[in-house]
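What follows is a single structure, written as structure tokens, with notes after it.
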Amino acid sequence: MSQWEVVIGLETHVQLQTKSKIFSGASTAFGAEPNRQACAVDIALPGVLPVLNREAVVCAIKFGLAVGANIAPRSVFARKNYFYPDLPKGYQISQFEIPVVAGGGLTIRVGETEKFVHLTRAHLEEDAGKSLHEDFHGKTGIDLNRAGTPLLEIVTEPDMRSSAEAVAYAKALHSLVTWIGICDGNMQEGSFRCDANVSVRKPGGPLGTRREIKNLNSFRFLQQAIDYEIQWQIAEIEEGRKIQQATVLFDPDTGETRAMRSKEDAHDYRYFPDPDLLPLEIQPEWIAAVKAGLPELPQAMQQRFQASYGLSAYDAATLAATRDSARFYEDALAVAGKDNAKLCANWVMGELAARLNRDEKEIAASPVSAAQLAGMIRRIADGTLSSKLAKEVFDALWNGDGKDADAIIEVRGLRQVSDASAIEPIIDEVLAANPKSVEEFRTGKEKAFNALVGQVMKASKGKANPQQVNDLLRKKLSA
Amino acid sequence: MTDFVNASLREIAAALAQKKISSVELTTLFLDRIEQLNPTLNAFITVDRDKALAAAHAADAKLGAGGAATLTGIPLAHKDIFCAEGWRTTCGSKMLADFVAPYDAHVVERLNAAGMVPLGKCNMDEFAMGSSNETSFFGPVKNPWNPACVPGGSSGGSAAAVAARLAPAATGTDTGGSIRQPAALCGLTGLKPTYGVVSRYGMIAFASSLDQGGPMAKSAEDCALLLGAMAGFDPRDSTSLERPAEDYCRDLDKPLQGLRIGLPREFFGAGMDAGVRAAVDAALAEYRKLGATTVEVSLPNSGLSVPAYYVIAPAEASSNLSRFDGVRYGHRAADYADLDDMYAKSRAEGFGAEVKRRILIGTYVLSHGYYDAYYLKAQKVRRLIAADFQEAFKSCDVIAGPTAPSVAFKFGAKSADPVQMYLSDIYTIAVNLAGLPGMSIPCGFDKDLPVGLQLVAPWFGEARMLNVAHRYQLVTDWHARMPAEPAA
């Protein structure tokens with residue numbers, strides 16, 4: 001295995017979150033009755049013409065800015081000609097020679113290693129419709145609702161060297177496009193689909209012949225498909241066969257890839273500039289305006305979290321994994337105060353994340369608001385709540401049993417007792433009731449000390465400040 | 001009533017306004033003429049008396065209410081390339097023989113809004129590919145001046161309809177001369193606007209970068225009125241130009257003193273029939289009398305216009321016609337083995353020979369390995385041709401020359417030799433490649449058939465060009481002549 005180097009490049013089709021289609025006014029909403037969201041332009045009636053949707057261009061500019069790419073001052077729409085029943089015009093409008101976005105890249109992380117994946121280009125194009133092969137008794141149904149949905153096809157250089165890197169890239173890209181709001185990221189509905197170009201070679205040798213795995217719509221399938229493909233290619237070569245350039249499909253049921261068409265029967269798409277559309281011209285002022293409306297990007301935010309809040313790289317990356325999570329954290333911090341940055345981070349990534357995960361809720365729909373969590377954290381910081389009591393308060397907030405931490409503390413009497421004069425009598429009682437443990441401690445058994453602490457906490461119904469219990473108990477035992 | 005058959009649009013408009021005639025009467029008059037003469041001429045593919053009369057009634061109501069637009073109530077015919085809601089729209093092809101358009105083209109919408117009454121849809125070369133109307137699936141159109149001759153093409157039905165006075169005016173489209181050449185061959189005035197002036201929305205595409213709709217009528221003044229109604233920005237066509245609305249009649253009467261007419265050396269060489277030459281020379285002499293001067297100009301790359309056009313136009317057409325696949329609408333073969341077979345048979349049956357020839361040429365020139373040598377090269381030539389005109393317009397205001405090298409030819413005379421047929425448009429094609437406005441006006445006869453004079457103006461020079469044509473029509477009567485009524 002180690003004598004082979006894997007080379008992977010990805011092409012990702014990202015469905016852009018525009019209200020209407022890229023070249024028509026029809027809606028892009030998912031899930032309508034077949035052909036109810038296909039207008040005259042989408043079904044390619046005689047005489048209709050495309051008109052570019054400005055919002056789709058804004059999405060492309062946002063993406064270009066987010067990956068540090070060049071945004072072409074002039075790009076050209078081209079026709080990719082081929083016949084297919086769900087391609088109504090007999091050509092797809094895409095960009096060929098001059099794409100709207102060129103260059104740039106994304107930093108990915110696999111384990112402790114960071115890597116920069118270079119992008120070749122990103123171009124705007126329209127999606128095709130769908131062919132429905134079931135329920136038509138040997139015939140094929142055509143649904144053109146998806147025809148004309150705007151796509152940004154994002155193409156990487158062959159920079160990835162393992163399926164893990166490919167998945168890390170796909171996840172980073174998915175996070176970015178949802179972060180900047182150009183894609184809803186819904187992989188089941190096909191809003192984010194990857195094609196993987198995979199080849200193997202001897203390290204340092206020339207690139208091997210690649211095969212392209214089409215239409216992978218989950219990170220798991222991406223990983224499985226690439227892993228299978230790598231094994232298959234290595235086995236082929238080691239058995240003395242040559243890899244033929246081909247397009248392959250991944251079958252999730254068998255976990256295998258199989259060739260769909262070879263290079264010989266590849267289409268000649270006869271690309272040429274679409275005479276119905278003028279070149280797309282993007283002035284610097286337009287780019288500047290889009291830039292002004294762009295949110296802080298994940299990497300910048302992570303660096304800021306480390307610098308301003310003293311968080312570790314891991315914490316910063318976890319909190320800034322999505323805009324919602326970052327927003328929640330910063331909203332909480334605004335109430336809790338910067339001094340509690342680490343405590344806030346621990347609660348958001350710990351208890352809150354675990355609960356959300358358990359109940360399959362998104363952080364934006366968290367039953368405990370950022371302000372509620374922050375109010376509780378302030379009571380931890382000022383010593384009112386022990387972490388144990390805090391969990392009880394958190395439970396109450398989660399279940400909606402109180403409007404904020406203070407109210408819950410008040411109603412349930414959960415205030416931590418840090419008054420020595422109140423704790424000492426309890427300690428005295430416990431010591432008197434547990435002479436055996438006292439004896440054991442005095443003979444050097446540290447475990448006996450913990451048992452005594454536990455008894456004191458129990459006797460105080462958990463309200464005694466544990467640190468203070470510790471200190472007072474030790475003082476009394478060593479007296 | 002015959003007054004109205006020959007009347008100008010302004011005269012008809014005045015009669016309608018003064019209630020000398022109603023739109024219903026006028027529409028009935030032309031519908032009756034169509035019924036009488038169309039079986040001989042075959043100028044119309046579809047005529048719908050009910051729809052026409054309904055529109056006429058609506059126009060009469062508007063006229064009765066007062067304040068109606070100038071063209072309200074005037075009938076016209078549409079080339080069958082324009083989609084019109086509820087009308088069969090065939091594009092002259094078996095492929096669309098049963099296609100009923102569910103929407104109006106921008107041009108149709110505009111002319112409806114202007115109150116004009118659509119009489120029917122005119123015959124044409126299939127998908128506008130032809131110069132003689134012989135490629136129509138619905139049979140050839142006869143030239144009203146001589147039924148043994150072609151009317152020109154591709155807007156041959158529109159030209160014959162107006163020439164035979166079956167309609168006061170018609171719409172046409174011009175990709176390489178398809179308005180001007182049939183206008184010349186039928187003795188009409190026809191105008192192709194600057195590319196982008198008239199929206200292409202709803203006009204079935206032949207070659208998108210060249211196609212342009214325009215008016216075909218009896219005079220420059222009629223064309224000016226019609227163009228005013230047809231032109232205008234349309235956000236549904238990305239190549240439509242956003243410019244202020246123009247009154248194309250504003251300069252019609254301006255004197256021609258000081259006008260410089262450029263005569264391209266390349267348009268007056270071999271290839272032009274002597275009779276055509278004589279008529280054109282006489283027209284130029286008339287212009288000098290009107291105060292114009294003529295200067296020789298050169299369009300050195302014009303010899304490349306036909307070859308460049310026959311790369312670019314078929315390339316675009318091969319792609320534009322891909323939507324006619326039998327899947328969603330249009331002709332589908334009755335029996336087929338599988339998907340590829342359905343495509344192959346539907347298209348083989350639905351398209352005629354000339355359309356297939358151009359799809360093949362277009363597919364070839366766009367193919368991998370040939371694209372640079374043909375398509376890219378042709379685009380470079382196209383830019384050179386446009387630059388030639390720019391250079392020429394430095395020393396003249398308009399360019400003049402023959403519209404076509406000969407008068408109308410006999411059926412079958414050129415149909416066996418596509419290159420001969422393509423050369424019918426040798427003077428008109430360069431104008432499309434350069435995106436310029438051009439028109440043809442009647443300037444005499446040769447062999448008892450009309451000869452056309454072509455005028456070409458700089459971009460957006462329509463008003464000036466119409467002025468040049470109108471002043472000539474004030475002192476000549478070629479445009480007012482009409483063919484003898486053929487035996488029904």
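With the structure loaded, tell me whether residue B:422 is buried (at least 17 other Cβ atoms within 10 Å of the Cβ) and within 18 Å of residue B:265 (Cβ to Cβ) or whether it fails that test. Explain how you work it out, then say what you get.
On the way: buried (at least 17 other Cβ atoms within 10 Å of the Cβ): yes; within 18 Å of residue B:265 (Cβ to Cβ): no.
So residue B:422 fails the test.
For region B:239-257, how many residues are open to solvent by less than 30 Å² (accessible area, probe 1.4 Å) and within 14 Å of chain A (Cβ to nearest Cβ)? Walk me through it before giving the result.
Within region B:239-257, the subset open to solvent by less than 30 Å² (accessible area, probe 1.4 Å) is B:239-240, B:248-249, B:252, B:256.
In the following step, the residues that additionally are within 14 Å of chain A (Cβ to nearest Cβ) were identified as B:239-240.
Selection size over region B:239-257: 2.
Looking at B:276, B:295, which is the one that is in contact with a Gly (Cβ under 6 Å, 6 or more places away or on another chain), touching a residue at least 40 places away in the same chain (Cβ under 8 Å), more than 14 Å from every other protein chain (Cβ to nearest Cβ) and not in a loop (DSSP other than H, G, I, E, B)? Break it down into steps so the answer makes sense when it comes.
Numbers: B:276 fails: in contact with a Gly (Cβ under 6 Å, 6 or more places away or on another chain).
Only one candidate qualifies: B:295.
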- [ ] Within region A:20-36, work out how many residues are buried (at least 24 other Cβ atoms within 10 Å of the Cβ) and away from chain B (no Cβ under 13 Å).
- [x] 1
Task: Flag for residue B:375 being within 13 Å of chain A (Cβ to nearest Cβ), in contact with a strand residue (DSSP E or B) (Cβ under 8 Å, 6 or more places away or on another chain) and assigned to a helix (DSSP H, G or I) - done: yes
Task: Subset of region A:212-270 (residues that are closer than 18 Å to residue A:11 by Cα, in a helix (DSSP H, G or I), open to solvent by 30 Å² or more (accessible area, probe 1.4 Å) and not hydrophobic (A, V, I, L, M, F, W, C)) - done: A:220, A:223, A:224, A:227
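Condition test on residue B:340, is it under 30 Å from residue B:187 (Cα atoms) and either open to solvent by 30 Å² or more (accessible area, probe 1.4 Å) or modelled with pLDDT under 95 (or both)? Even if it seems obvious, please write down each step before you answer.
On the way: under 30 Å from residue B:187 (Cα atoms): no; either open to solvent by 30 Å² or more (accessible area, probe 1.4 Å) or modelled with pLDDT under 95 (or both): yes.
No, not satisfied.
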- [ ] Being among the hydroxyl-bearing types (Ser, Thr, Tyr) and touching a helix residue (DSSP H, G or I) at 6+ places or on another chain (Cβ under 8 Å) is the filter here, so list the residues in region B:288-306 that pass it.
- [x] B:294, B:298, B:302, B:305
Task: Tally, over region B:260-273, of residues that are within 17 Å of residue B:440 (Cβ to Cβ) and in a helix (DSSP H, G or I) - done: 2
Task: Members of region B:216-238 found to be within 14 Å of another protein chain (Cβ to nearest Cβ) and open to solvent by 10 Å² or more (accessible area, probe 1.4 Å), listed by number - done: B:233, B:235, B:236, B:238
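Give region B:90-113 a look and list any residue that's more than 9 Å from chain A (Cβ to nearest Cβ) and open to solvent by 40 Å² or more (accessible area, probe 1.4 Å), or say none. Let's see the steps before the verdict.
Initial filter on region B:90-113 (more than 9 Å from chain A (Cβ to nearest Cβ)): B:90, B:92-95, B:97-98, B:100, B:104, B:106-113.
Correct list: B:94, B:98, B:100, B:109, B:110, B:112, B:113.
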Task: Single residue of region B:347-372 satisfying the filter (among the acidic types (Asp, Glu) and surrounded by fewer than 17 Cβ atoms within 10 Å (Cβ to Cβ)) that is nearest to the other protein chains (Cβ to nearest Cβ) - done: B:372
Task: Search result, residues across region B:446-466 that are of a type in the set (A, V, I, L, M, F, W, C) and not in a strand (DSSP E or B) - done: B:457, B:459, B:460, B:463, B:465, B:466
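Quick grid of which residues meet (1) within 8 Å of another protein chain (Cβ to nearest Cβ); (2) at pLDDT 95 or above; (3) under 22 Å from the mean Cα position of the chain (by Cα):
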site	(1), (2), (3)
A:42	no, yes, no
A:54	no, yes, no
A:57	no, yes, no
A:70	no, yes, no
A:76	no, yes, no
A:81	yes, yes, no
A:99	no, yes, no
A:104	no, yes, yes
A:107	no, no, yes
Open item on the list: With the requirement that a residue be of a type in the set (Ser, Thr, Tyr) and either under 16 Å from residue B:154 (Cα atoms) or without any contact (Cβ under 8 Å) to a residue 60 or more places away in the chain (or both), what does region B:207-225 give you?
Closed with: B:208
- [ ] State whether the residues of region A:131-138 include one that is open to solvent by less than 10 Å² (accessible area, probe 1.4 Å), closer than 27 Å to residue A:19 by Cβ and small (Gly, Ala, Ser).
- [x] no
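Would you mind listing the helices (runs of 4 or more DSSP H) fully within region A:365-479 where at least 1 residues are within 47 Å of the chain's Cα centre (by Cα) and surrounded by 15 or more Cβ atoms within 10 Å (Cβ to Cβ)?
A:370-381, A:387-398, A:405-412, A:446-459, A:466-478
The values are calculated or read from the model by the stated rules, or taken from the named source; none is laboratory data. As the structure is a prediction and not an experimental result, all values here were calculated from the model. FYI the Cβ positions are ideal-geometry reconstructions off the backbone, even for glycines, and counts take in every protein chain you see. All accessible areas refer to the heavy atoms of the entire protein, side chains included, with ligands and DNA or RNA removed. Shrake-Rupley method; radii C 1.70, N 1.55, O 1.52, S 1.80 Å.
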